[in-house]
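The values are calculated or read from the model by the stated rules, or taken from the named source; none is laboratory data. Only a predicted model underlies this, so the values are computations on that prediction, with no experimental measurement involved. Quick reminder, even Gly has a Cβ in these numbers, built from the backbone with ideal geometry, and neighbours come from all protein chains shown. Remember, those area values only see protein heavy atoms, side chains included, never the ligands or the DNA or RNA. Shrake-Rupley method; radii C 1.70, N 1.55, O 1.52, S 1.80 Å.
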Amino acid sequence: MKKLLFNFGKYPVIEAEETTFVFQNQLNDLVTGEPVFIARGSGLCYGDSALSQTTISTLKYDKILSFDTQQGIFECQSGITLEQVLTVIVPKGWFLPVTPGTKLITIGGAVASNVHGKNHKTHGSFSRHIVEMDVLLASDGLLTCSHDTYPDLFEATCGGMGLTGVITRVKFRLKKIETSFIRQKQIKAKNFDELISLFEEYRDSTYIVVWIDCLKKGKHFGRSILTVAEHAILDDLNDEHRKNPLQLPGNKKLTVPPIMPWWVINTFSVKAFNFLFYAKNYAKEISKVILYDPFFYTLDAINHWNRIYGNKGFVQYQFVLPLEATDGLAEILRSISDKGMGSFLTVLKVLGKQESMISFAREGYTLAIDFPIRKGVFEFLNELDEILLKHGGRIYLTKDARMKPEMLKNYPELEKFKSIIKKYDPEGKIRSIQSDRLQLTPISNE
Amino acid sequence: MTNNKTVLILGATSDIGIAIAKKFASAKYDVQLAARDATQIQALKSDIEIRYEVACSTFSFDALQYASHAAFFEGLTPKPDITVCIFGVMYDEDDALNDFALAERMINTNYTGAVSILNIAAKYYMAQKQGAIIGISSVAGDRGRASKLIYGSSKAAFTAYLDGLRNKCFKDGVHVMTVKPGFVNTKMTEHMPLPKALTAEPALLADVLYKAFTKKKNTVYIKWMWRYIMLIIKNIPEFQFKKMKL
Ligand SMILES: Cc1cc2nc3c(=O)[nH]c(=O)nc-3n(C[C@H](O)[C@H](O)[C@H](O)COP(=O)(O)OP(=O)(O)OC[C@H]3O[C@@H](n4cnc5c(N)ncnc54)[C@H](O)[C@@H]3O)c2cc1C
Ligand SMILES: NC(=O)c1ccc[n+]([C@@H]2O[C@H](COP(=O)([O-])OP(=O)(O)OC[C@H]3O[C@@H](n4cnc5c(N)ncnc54)[C@H](OP(=O)(O)O)[C@@H]3O)[C@@H](O)[C@H]2O)c1
């Protein structure tokens, strides 16, 4: 049955078929029966990578297959969400080795985008922790791959945006925790230079993230809050928390109403929000111990928060620039504040060394900025693309809905990636709106 | 062996069966999963064991193999405290009209097969003077309609059977609950455009079913509107009803 489909940014919206499966044999039938398809998890990528004329939803394929509570090894079908995984592993003293800023994504989505978290420097992207996984190819063959078996398939599947096949089973290593709490410290940075030196000072922290006010100009340019954190140990907890150190967070949620007043998205409200966020931190430094939820998944507490950008949707511009390209970073931030096109949320993270073929992460700074769709945005983003290319930067495919194929230039193993998808899907059945737009998949003759 | 009570899920590959199995497991019941192809439910078994930390076992069961039912029930250890009958098929009614083999199969799965296995469970429970049976019938059984000719009548028969069984078992303290879902978003209905407000997710069905079971309800509709919709449909005079396209 056709329905309207879109991802987190609500742009683009297409009419497409969404099929589901509960058992492997049903998936086999879909893969052989559909002429063109792409796998789809929670649809929480921002752009068009989980969209195609037929999508195969993995959400019903969500069973846990094994959990070694001694060694911390977890094995599951690909449609399970991180939230469901956490509910099972946290009470046993384990955590996800890597997690993005939302726990509502699927494990399949975590692999296909090779997601990174606030600990990329120390823990890399998600794929580093995979023991092995199964991929169902377009030709209907199921292959188990890992760093050692079918390494080319493995490499191209991690961050490969679903283009090698449907990931069906993933076995991965967890991270040991003593408590489900986080010990965090928030530090104010007056400007860009101060921020860069704080990065240096706190480089050994496990988790680092920065909220940056993109609209500040002049001497306040780069005004931001740096948050560094570690998993709390028992000694960090107060008596109350110590009674139940591995507790799960509750389920309280706010909902953004379906129709937001227009003013919410104008520059004024963006400024106001940034100010509020900033004012929370009166002191230069604030330390506290909190449950993992508000630290990792701040926005999950607000249902449909993406509605705040209005009905036309938005795109998120997430890029990475090499560490030495701080000029490029400053140039981009300046262009954004000059245009007053800034976004509701702007998050800056440090990434460690690059570890796989097509994944986004490489050593450098990554910034994610939301742009509500309105007049001039796409032209402006094309300008930012120019700056990025010049400084060796690249864009995160999972956030992209609009860039041109030339922007893939700074993915050094692009050609190798293309040849591997061709090898495993010679008929070019697996394709998304994005893969067609970016010419990652052979031009279709329809 | 745990001290938990045990629930038997007949039709464990269905979306509704999976949801009901998980719901009982989350309430700390041990679970026995039965399906035609037991290899299909191994993943559900591990999932239930790991998520809910209860015991879970799997069995092969075919509703149409009546002769095997006694041995199947015999083979369950421990015997389930609750038997939930979920299996059922809905074929295209035009096909079923043109091909009696199909109509017969639908009737035999939804009614004859259910009677065969539930008779066995009911006799056991009556002898034990405890136990419960939950049957998933359908609103389609509340009144015969052209668009659900065979399916509806098989479910009507199943509903009548459950009503009778409840009456028969009452004196022995065995509870029988009839569940009449309206639309449920499952594999069975994936290709039909269903009105959203009237359609339940399997997880909601399981929640409502479990709650009704703990309150010892006799008949339960999923989504309250259905009780009234069916009340109206049942009360349309036949001379009018027969002219309607339903
Ligand atoms: C609020 C928010 C915060 C976020 N924060 C971060 C962050 O900090 N770091 C980060 O890296 N990302 C982040 N993301 C992005 C998100 O983690 C990725 O887009 C992720 O891939 C989404 O997973 P999903 O299950 O929703 O997949 P979808 O959005 O449905 O699909 C994404 C891609 O994965 C493919 N895919 C999905 N499942 C499979 C499968 N089983 N087999 C093959 N391919 C598959 C799809 O084809 C598609 O190309 C964030 C997103 C949101 C909404
Ligand atoms: N979906 C709705 O809107 C709706 C509404 C009212 C009532 N119901 C009823 O709810 C029940 C579950 O249906 P569903 O919607 O979850 O559909 P479903 O996913 O199609 O499930 C049907 C189930 O019946 C099983 N089955 C079929 N023939 C069998 C046989 N001979 N022996 C044993 N098992 C057999 C199937 O097992 P296999 O996997 O082996 O085929 C499957 O588990 C059915 O009784 C249906 O009539 C559904």
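Couple of notes before you dig in:
- Hits in segment A:1-45 (condition: in a loop (DSSP other than H, G, I, E, B), more than 9 Å from ligand 1 (Cβ to nearest atom), on the phi < 0 side of the Ramachandran plot and away from chain B (no Cβ under 14 Å)): A:Phe6, A:Tyr11, A:Pro12, A:Val13, A:Glu34, A:Pro35, A:Val36
- A:Thr326 being open to solvent by less than 10 Å² (accessible area, probe 1.4 Å) and away from ligand 2 (no atom under 16 Å from the Cβ): no
- When residues of segment B:160-200 are limited to those that are of a type in the set (Phe, Trp, Tyr) and away from chain A (no Cβ under 14 Å), the one farthest from B:Met225 (Cα to Cα): B:Phe170
- Hits in segment A:1-24 - residues which are touching a residue at least 24 places away in the same chain (Cβ under 8 Å) and of a type in the set (D, E, K, R): A:Lys10, A:Glu17, A:Glu18
- Count - residues of segment B:21-30 that are within 19 Å of B:Phe73 (Cβ to Cβ) and either surrounded by fewer than 20 Cβ atoms within 10 Å (Cβ to Cβ) or in contact with a Leu (Cβ under 8 Å, 6 or more places away or on another chain) (or both): 1
- Residue in segment A:72-93 that is free of Cβ contacts under 8 Å to residues at least 12 places away in the same chain and within 14 Å of another protein chain (Cβ to nearest Cβ) present: no
- Filter result for B:Lys196 (among the charged types (D, E, K, R) and modelled with pLDDT of 95 or more): no
- Checking B:Thr178 against (1) at pLDDT 95 or above; (2) among the polar types (S, T, N, Q); (3) part of a helix (DSSP H, G or I), the condition it does not meet: (3)
- Cβ-Cβ contacts under 8 Å between residues 6 or more apart (or on different chains), taken from a first residue in segment B:207-235 that is of a type in the set (Asp, Glu) to a second residue that is modelled with pLDDT of 90 or more and crowded, with 16+ Cβ neighbours inside 10 Å, are listed as B:Asp207/B:Lys23.
- Residue list for segment B:90-110, restricted to those being under 21 Å from the mean Cα position of the chain (by Cα) and free of Cβ contacts under 8 Å to residues at least 24 places away in the same chain: B:Asp92, B:Leu102, B:Glu104
- Taking (1) part of a loop (DSSP other than H, G, I, E, B); (2) closer than 27 Å to A:Leu414 by Cβ; (3) in contact (Cβ under 8 Å) with a residue 40 or more places away in the chain; (4) in contact with a Lys or Arg (Cβ under 9 Å, 6 or more places away or on another chain) in turn, A:Glu155 satisfies each apart from (1).
- Hits in segment A:63-114 (condition: small (Gly, Ala, Ser), within 12 Å of the chain's Cα centre (by Cα) and open to solvent by less than 10 Å² (accessible area, probe 1.4 Å)): A:Ala110
- Checking segment A:364-371 against the condition returns no match, with no residue being more than 16 Å from ligand 2 (Cβ to nearest atom), more than 14 Å from chain B (Cβ to nearest Cβ) and part of a loop (DSSP other than H, G, I, E, B).
- The strands (runs of 3 or more DSSP E) located wholly in segment B:1-62 that include 3 or more residues which are away from ligand 1 (no atom under 16 Å from the Cβ) and β-branched (Val, Ile, Thr) occupy B:6-10.
- For segment A:46-62, the set of residues classified as within 12 Å of chain B (Cβ to nearest Cβ), outside any strand (DSSP E or B) and surrounded by fewer than 24 Cβ atoms within 10 Å (Cβ to Cβ) consists of A:Leu59, A:Lys60, A:Asp62, listed by residue number.
- For segment B:82-90, the count of residues that are open to solvent by 10 Å² or more (accessible area, probe 1.4 Å) and away from ligand 2 (no atom under 13 Å from the Cβ) is zero.
- Residue in segment A:388-413 that is farthest from the chain's Cα centre (by Cα), counting only those that are within 16 Å of ligand 1 (Cβ to nearest atom) and part of a helix (DSSP H, G or I): A:Leu408
- B:Ala38 vs. criteria within 14 Å of another protein chain (Cβ to nearest Cβ), within 12 Å of ligand 2 (Cβ to nearest atom) and either modelled with pLDDT under 95 or crowded, with 17+ Cβ neighbours inside 10 Å (or both): yes
- Taken over segment B:131-149, the residue count meeting the criterion of being away from ligand 2 (no atom under 12 Å from the Cβ), out of contact with any Ser or Thr (no Cβ under 7 Å at 6 or more places or on another chain) and more than 19 Å from B:Gly75 (Cα to Cα) is 5.
- Residue list for segment B:1-35, restricted to those being among the aliphatic types (A, V, I, L, M), touching a residue at least 40 places away in the same chain (Cβ under 8 Å) and within 14 Å of chain A (Cβ to nearest Cβ): B:Ala12, B:Ile16, B:Ile18, B:Ala19
- Scanning segment A:304-323 for residues that are more than 12 Å from ligand 1 (Cβ to nearest atom), of a type outside the set (Lys, Arg) and open to solvent by 50 Å² or more (accessible area, probe 1.4 Å) returns A:Asn311, A:Leu323.
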